[in-house]
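Take a look at the structure below.
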Number of protein chains: 4
Amino acid sequence: MEKVKVAVNGYGTIGKRVADAIRLQPDMELIGVGKTSPNYEAIIADKKGIKIYTVKDNLGKFEKSGIRVAGTIEDMVKEADIVVDTTPNGVGATYKPLYQSLGKNALFQGGEKADVADISFSALCNYDEAKGKKYIRVVSCNTTGMLRIICTMNKISKVEKVRATIVRRAADPKEVKRGPINSIVPDPASVPSHHAKDVLTVIKGIDIVTMAVIAPTTLMHLHTMVLTVKNKVNRDDIINTFLNTPRIILVNSSRTTVSSTAEIIEVSRDMGRVRYDIPEVVVFEDSIYTNGNEVFLMYGVHQESIVVPENIDAIRASLGLMGKEESIKVTNDTLGIMKGYLL
Amino acid sequence: MEKVKVAVNGYGTIGKRVADAIRLQPDMELIGVGKTSPNYEAIIADKKGIKIYTVKDNLGKFEKSGIRVAGTIEDMVKEADIVVDTTPNGVGATYKPLYQSLGKNALFQGGEKADVADISFSALCNYDEAKGKKYIRVVSCNTTGMLRIICTMNKISKVEKVRATIVRRAADPKEVKRGPINSIVPDPASVPSHHAKDVLTVIKGIDIVTMAVIAPTTLMHLHTMVLTVKNKVNRDDIINTFLNTPRIILVNSSRTTVSSTAEIIEVSRDMGRVRYDIPEVVVFEDSIYTNGNEVFLMYGVHQESIVVPENIDAIRASLGLMGKEESIKVTNDTLGIMKGYLL
Amino acid sequence: MEKVKVAVNGYGTIGKRVADAIRLQPDMELIGVGKTSPNYEAIIADKKGIKIYTVKDNLGKFEKSGIRVAGTIEDMVKEADIVVDTTPNGVGATYKPLYQSLGKNALFQGGEKADVADISFSALCNYDEAKGKKYIRVVSCNTTGMLRIICTMNKISKVEKVRATIVRRAADPKEVKRGPINSIVPDPASVPSHHAKDVLTVIKGIDIVTMAVIAPTTLMHLHTMVLTVKNKVNRDDIINTFLNTPRIILVNSSRTTVSSTAEIIEVSRDMGRVRYDIPEVVVFEDSIYTNGNEVFLMYGVHQESIVVPENIDAIRASLGLMGKEESIKVTNDTLGIMKGYLL
Amino acid sequence: MEKVKVAVNGYGTIGKRVADAIRLQPDMELIGVGKTSPNYEAIIADKKGIKIYTVKDNLGKFEKSGIRVAGTIEDMVKEADIVVDTTPNGVGATYKPLYQSLGKNALFQGGEKADVADISFSALCNYDEAKGKKYIRVVSCNTTGMLRIICTMNKISKVEKVRATIVRRAADPKEVKRGPINSIVPDPASVPSHHAKDVLTVIKGIDIVTMAVIAPTTLMHLHTMVLTVKNKVNRDDIINTFLNTPRIILVNSSRTTVSSTAEIIEVSRDMGRVRYDIPEVVVFEDSIYTNGNEVFLMYGVHQESIVVPENIDAIRASLGLMGKEESIKVTNDTLGIMKGYLL
Ligand SMILES: NC(=O)c1ccc[n+]([C@@H]2O[C@H](COP(=O)([O-])OP(=O)(O)OC[C@H]3O[C@@H](n4cnc5c(N)ncnc54)[C@H](O)[C@@H]3O)[C@@H](O)[C@H]2O)c1
Ligand SMILES: NC(=O)c1ccc[n+]([C@@H]2O[C@H](COP(=O)([O-])OP(=O)(O)OC[C@H]3O[C@@H](n4cnc5c(N)ncnc54)[C@H](O)[C@@H]3O)[C@@H](O)[C@H]2O)c1
Ligand SMILES: NC(=O)c1ccc[n+]([C@@H]2O[C@H](COP(=O)([O-])OP(=O)(O)OC[C@H]3O[C@@H](n4cnc5c(N)ncnc54)[C@H](O)[C@@H]3O)[C@@H](O)[C@H]2O)c1
Ligand SMILES: NC(=O)c1ccc[n+]([C@@H]2O[C@H](COP(=O)([O-])OP(=O)(O)OC[C@H]3O[C@@H](n4cnc5c(N)ncnc54)[C@H](O)[C@@H]3O)[C@@H](O)[C@H]2O)c1
């Protein structure tokens, strides 16, 4: 198979995972990554044999650190069929003119404003609409988690209303300068939080309000959600639907004793998952509760990895490589993404 | 004024605060506290000139620590008109037979089952019903916070439905053995959490569902709440009602830059409050949001102190010392409890 | 008594405490504080009736926040006899030209380089040398802690060598953006850390090496120290000397059950100390251990308040208001600073 | 090769890692694991095809959880040539009579008292002395870390004195009930801590004093150490010796930007290590500092995995399977244990 050439610009938490995922795809080739600082992630990329491109001004710094550089980020973009931009919040937009001037398709991440792209994307929700779009924005980790749940629930009964609380991990594990150490921080103090609006960039016509707070933890986000659906639904139907939906997994806390985000991560470590990544949304089965037309649930979102399969699918949607079902299947198979019970 | 004799059995986080509060009441006298372990809290009680009573078996331990003991807990109860039981979860119930056999009124805390007492209590909600009751249970910190909001909102328009998420502080500051250090823990993983049921022990006829998670912080709980009220309400009406309700205070995050539980505590420290206690519920004004008949808000609950004024009022209700408004006023005045804006 | 006019420039963690302390001195008058951002600390200063001065550009911001401003920082400095500069790290140095041009004495804090001032200061060590100095730098919280111990030990037997490990609190309680959340961070990774050098700015001729790491806590620093003294010393002599030295207090962990920085803070709260401040160094008596000419110990340093009495004394030293013993006594009395056992 | 039959009794943090390691050894066969609670770790063992043995009373519980059980722990021990006991602190000793009565060799962990075994063990220090010993105790994670450094330094110049501070991780990542959340806890408050004594169970004749504190983190311990050696040593010699010693790795913070325990773990994740385990001691190269006969350094200890290779080597020593160098080499090769630079 002729492989499409993918460049990843920005090689941090998301970029390094997307780069590794691309290297596992049968229809893609990673041509290199863009990186501005010669930090340990750059050293590891180099050790893995990944080509590193940087900005002209930083060539000297890389040389000094003994990290091989293949050229400038512009050189890299030129060679690519598509660029996955995983630079920090807001930086992606500043790169868009480059991608445009060189006529390249590009993906952006949730840290960018929605209007950076032609469409905001979540594979289970709107893969088909994204087909052939030149610029696609993969929504943020929290929004991806919510959309997976909402779009799956929609298959059982139309979701009319969503009220969710997002308890955000405050920082990624590697971010040693970010706090808080001992506080809960409304984020923002006003309601609704921006997450509701972000959900609406992908699916329309839902009455959704979100509230968000930051908690001093690094492992996963946790959401509590109340959905109001058109027709009364049955708890078992929800469980069965979730069990049959890849990228959603269930954990039964009373049967398995897994009762926290830390223990979910521990299971992932014990299962030998690379970086203990969990790209699936992890629903606490015990929390699924129905009350008339309302459905309650709690689930965890592994912020570092949940958008990785979304990026892979978005590449295929943008370049028209595969249809929805096929792309999702290939992505899941190559990345070891599960459905069913975690344990 | 003839003062009623109050004993506090269990001198820890709650007990030491209730004891201090009793000493500030014009109509009460603290006759002593019950304490089983000769720890630093016992040493401080002794230094403050508070009489300490213990169980027979521990007299020796106290003597060895140089802490004066006035007698056994039974001696103390005999002398009292009423006992405030602030022993750990479940221990209160084991003391009930003693209080009964000596014919003493008693208050219990939220860590006991509701049926330990004749009524569960929240001053703003059901003071009058508690009048003359021999055994009263002051509900837990989280339940107290929810009830203050619900009963106050009820004055504007009948509250029909409540959906709340409770982000619990994992431990009190002094509890150095309790975690988690880095995890979010559904508590419990099943929905609804027991808090909903606890609210219903005080006010009936509300459709309430709660979900709770533990976060690794010691300072305050934080709740996100959605109330559905009978008639569409106006944001300004809610704010004005809150501003006129003692034991509820507002903080405007955008005007004051106070944006977290840690900064609320910092303000309390700067205001010179003893132990930085905040017995008021602290509502983020920015979070108050109305959408049709729904009201959204976020507020903090200082777990260590919120039930202190409730205990003082419950003593008066049980012994019929004062009417609702008078008791609440005296309690608020003596304890420096505010209404209006924190800042 | 004619009071000296003191201005405090920079009203944050240290500045607000120094301002409060000045207001308690019989020989000082707080003429105002310099503040650049109209945050909650400014609102509280205003409520306390403290005059606020700011930079010209920010007058509008303060007005908008409804905080009264008395003039510019330059106006304030003009009126003062001495300025205590408590602006952030490095900012103090940028103000020095202003203080100089107006001919004012000034104190700086440990976040400034040593050469900003004529002398680095620690009251127990070098009060007399600082007499009449126009510019004095009060050393940092960690250095102040180490110096109190070293200078006190010096009275028993000459300290020849110090090897210390500093486990730093990562952020102050109010600093909700600072981490880490879950990491230990060598600070710096190289040895010796700058603290050793900072100690030498106050006392000469000691062979001192320090290593420092950051831990995810906000309450106190904790030091482990090994001192080698000229003559073999006796554990009891050390304890007795400490017990007779104000600004050092002992806590016996096995007798009082106080076994952590959190419990030290809890005791301070229970004792009703304002903001739970502990300007004394808190030595774990249990940790004092001698082995030949070596002395081992562990102690806590409350970073937010330990330098407050030092600043008060430095004002007196700079302006020649009192001799060492008298100043220290007045400062201790007005601020409630103890010697002996915490409990 | 005829494989020796190894049983692992206690399948938690250490046990599951030792079990996995045994399965990678050419000369060992894992015959099963002893497990008392049917928790998620048991479910995973079952999924991995590991035979589970339990105590008679718990057979029902396992059955109810759907976890297959192969028999009782006694059955398992009977079948084994050697048992690695990785039950919780103090439980190992209660199993010793069983191992003795069945005539089986056994290893114990650092949570047991030294006298549970014939010898305390650290591969780099005293492999040869442990040869043929029926009962061997693998010392704790912190002691293992210290011993690797001390015994390696001994090869350059005799270590005469060690002064170390141990900043302990408070809990393992999975332990969501353990704190503290926001405190530093001397552990114990008295000096010396037991770690010094534990080092002396393996190597004699060193003047060692340790002080230990707990910090609220789960990732790694961090030690600061001062060694006094017989002859003045050169920083480069130390670095070169470390670089040539397997089970010790260096990280240069200024070159790689890895500046914390969290970033060390991040590198391990990026390198694809299973469970991000780091059985090597990780020395901050920047911290290595010499001053006359003193050597200073700081290093991290991954508590969950550092004793795993030690257990494998101890099996071989006990059963006389291989000599020291060969065993260490096979263990390192099979477990991917490095020497040199982390990056
Ligand atoms: N971390 C998460 O939890 C998470 C989850 C979902 C989405 N996102 C989104 O992904 C994007 C990337 O976030 P991240 O967490 O991976 O950030 P990161 O800081 O870990 O990585 C960003 C990378 O971009 C590089 N970079 C910085 N400036 C650059 C420039 N001018 N040109 C090229 N490269 C540059 C940095 O060196 C770094 O390697 C953001 O939009 C973020 O909102 C993050
Ligand atoms: N801490 C909170 O946040 C909080 C908030 C609201 C309600 N409560 C409730 O208040 C009650 C007390 O909790 P706490 O946090 O103050 O606990 P705590 O552990 O701080 O204090 C309990 C005290 O009771 C003493 N004690 C233990 N056993 C005793 C016995 N047999 N006889 C007499 N005294 C005994 C202990 O020495 C201790 O002083 C519980 O029901 C709890 O659920 C606690
Ligand atoms: N916080 C501690 O633990 C601690 C302990 C000892 C010493 N110190 C030292 O004290 C000094 C102040 O630190 P802090 O923790 O109080 O900081 P902070 O940030 O809490 O307070 C600094 C204050 O200065 C004000 N400010 C900022 N820029 C200013 C400017 N240009 N002009 C006037 N005011 C300005 C800020 O508004 C703030 O109020 C630093 O040198 C620090 O190293 C801090
Ligand atoms: N966790 C660490 O950081 C660490 C590091 C080095 C050494 N150690 C030592 O290793 C030993 C084990 O510690 P851990 O952290 O793995 O503990 P753990 O609690 O994670 O695992 C202990 C296992 O033993 C099982 N168990 C409990 N009681 C049992 C019984 N009666 N019979 C059989 N199995 C039983 C438990 O189910 C659990 O699976 C201790 O001696 C500890 O001191 C631990």
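The values are calculated or read from the model by the stated rules, or taken from the named source; none is laboratory data. These numbers come from a predicted model, not from an experiment. Because the Cβ atoms are built from the backbone with ideal geometry, glycine has one as well, and the counts that use them run over all protein chains shown.
Given the condition within 14 Å of chain D (Cβ to nearest Cβ) and either surrounded by fewer than 22 Cβ atoms within 10 Å (Cβ to Cβ) or more than 25 Å from residue D:289 (Cβ to Cβ) (or both), answer yes or no: does some residue in the stretch C:152-160 qualify? Step through it out loud before you land on a result.
Looking only at the stretch C:152-160, we keep the residues that are within 14 Å of chain D (Cβ to nearest Cβ), and these are C:160.
Narrowing further to those that are either surrounded by fewer than 22 Cβ atoms within 10 Å (Cβ to Cβ) or more than 25 Å from residue D:289 (Cβ to Cβ) (or both): C:160.
Yes, there is a match, as at least one residue in the stretch C:152-160 is within 14 Å of chain D (Cβ to nearest Cβ) and either surrounded by fewer than 22 Cβ atoms within 10 Å (Cβ to Cβ) or more than 25 Å from residue D:289 (Cβ to Cβ) (or both).
Checking the condition of a type in the set (Val, Ile, Thr) and farther than 22 Å from residue B:95 by Cα, which residue from B:52, B:43, B:82 passes?
Testing whether each residue is of a type in the set (Val, Ile, Thr) and farther than 22 Å from residue B:95 by Cα leaves just B:43.
Please go through the stretch C:270-281 and pick out each residue that is of a type in the set (Val, Ile, Thr) and either buried (at least 24 other Cβ atoms within 10 Å of the Cβ) or free of Cβ contacts under 8 Å to residues at least 24 places away in the same chain (or both).
In the first step, residues of the stretch C:270-281 are kept if they are of a type in the set (Val, Ile, Thr); the result is C:274, C:278, C:281.
Once the filter is applied, which keeps residues that are of a type in the set (Val, Ile, Thr) and either buried (at least 24 other Cβ atoms within 10 Å of the Cβ) or free of Cβ contacts under 8 Å to residues at least 24 places away in the same chain (or both), the stretch C:270-281 yields C:278, C:281.
Among the residues that make up the stretch C:12-28, is at least one of them farther than 24 Å from residue C:332 by Cβ and within 25 Å of the chain's Cα centre (by Cα)? Lay out the reasoning, then the answer.
Filtering the stretch C:12-28 down to residues farther than 24 Å from residue C:332 by Cβ leaves C:12.
If we keep only those that are within 25 Å of the chain's Cα centre (by Cα) as well, we get C:12.
Within the stretch C:12-28 (the criterion being farther than 24 Å from residue C:332 by Cβ and within 25 Å of the chain's Cα centre (by Cα)), the answer is yes, since at least one residue qualifies.
Take the stretch C:161-206 and flag every residue that is surrounded by 19 or more Cβ atoms within 10 Å (Cβ to Cβ), more than 7 Å from chain D (Cβ to nearest Cβ) and aliphatic (A, V, I, L, M).
C:162, C:164, C:166, C:170, C:171, C:176, C:181, C:196, C:199, C:202
Go through the stretch D:185-221 and count every residue that is on the phi > 0 side of the Ramachandran plot and among the basic types (Lys, Arg).
Within the stretch D:185-221, the first condition is being on the phi > 0 side of the Ramachandran plot, and the residues that meet it are D:205.
Restricting the remaining residues to those that are among the basic types (Lys, Arg) gives none.
Looking only at that region, the number is 0.
In this structure, is residue C:168 within 16 Å of the chain's Cα centre (by Cα) and closer than 28 Å to residue D:265 by Cα? Outline the logic, then answer.
Values: within 16 Å of the chain's Cα centre (by Cα): yes; closer than 28 Å to residue D:265 by Cα: yes.
Yes; evaluated as a whole, the condition is true for this residue.
Residues being among the acidic types (Asp, Glu) and touching a Lys or Arg at 6+ places or on another chain (Cβ under 9 Å): count how many of those fall in the stretch D:156-199. Working first, answer last.
First, the residues of the stretch D:156-199 that are among the acidic types (Asp, Glu): D:160, D:172, D:175, D:187, D:198.
Checking the rest, the ones that are also touching a Lys or Arg at 6+ places or on another chain (Cβ under 9 Å) come to D:160, D:172, D:187.
Result for the stretch D:156-199: 3.
Exactly one condition in (1) free of Cβ contacts under 8 Å to residues at least 12 places away in the same chain; (2) of a type in the set (D, E, K, R); (3) within 11 Å of ligand 4 (Cβ to nearest atom) is not met by residue D:85; state its number.
Tallying (1) free of Cβ contacts under 8 Å to residues at least 12 places away in the same chain; (2) of a type in the set (D, E, K, R); (3) within 11 Å of ligand 4 (Cβ to nearest atom), residue D:85 fails exactly one: (1).
If I filter the stretch B:33-55 for residues that are under 24 Å from residue B:327 (Cα atoms) and more than 8 Å from ligand 2 (Cβ to nearest atom), do I get at least one hit? If you could, list the steps in order and put the result at the bottom.
Initial filter on the stretch B:33-55 (under 24 Å from residue B:327 (Cα atoms)): B:33.
When the remaining residues are screened for being more than 8 Å from ligand 2 (Cβ to nearest atom), the result is B:33.
Yes, the conditions are met somewhere in the stretch B:33-55.
Within the stretch D:160-205, how many residues turn out to be charged (D, E, K, R), closer than 30 Å to residue B:168 by Cα and in a loop (DSSP other than H, G, I, E, B)?
To start, the set of residues in the stretch D:160-205 that are charged (D, E, K, R) comprises D:160-161, D:163, D:168-169, D:172, D:174-175, D:177-178, D:187, D:197-198, D:204.
Now restrict to residues that are closer than 30 Å to residue B:168 by Cα: D:168-169, D:172, D:174-175, D:177-178, D:187.
Retained after the next criterion (residues that are in a loop (DSSP other than H, G, I, E, B)): D:172, D:174-175, D:177, D:187.
Going through the stretch D:160-205 one residue at a time, the tally reaches 5.
Do any residues in the stretch A:189-209 that are outside the structural domain of residue A:224 (by TED's automatic domain parsing) have Cβ atoms under 6 Å from those of residues that are modelled with pLDDT of 95 or more and assigned to a helix (DSSP H, G or I), where the two are at least six apart or on different chains, and which pairs are they?
none
Taking the stretch A:130-159, which residues are more than 19 Å from residue A:93 (Cβ to Cβ) and not in a helix (DSSP H, G or I)?
A:131, A:132, A:157, A:158, A:159
With respect to the numbered conditions (1) modelled with pLDDT under 95; (2) among the aliphatic types (A, V, I, L, M); (3) within 22 Å of residue B:331 (Cα to Cα), which one is the sole condition not fulfilled by residue B:59?
(3)
Does any residue of the stretch D:141-149 turn out to be within 14 Å of another protein chain (Cβ to nearest Cβ) and more than 16 Å from ligand 3 (Cβ to nearest atom)? Break it down stepwise before answering.
Here is the first cut: in the stretch D:141-149, the ones within 14 Å of another protein chain (Cβ to nearest Cβ) are D:142, D:145.
Still in the running and more than 16 Å from ligand 3 (Cβ to nearest atom): D:142, D:145.
Checking the stretch D:141-149: at least one residue is within 14 Å of another protein chain (Cβ to nearest Cβ) and more than 16 Å from ligand 3 (Cβ to nearest atom).
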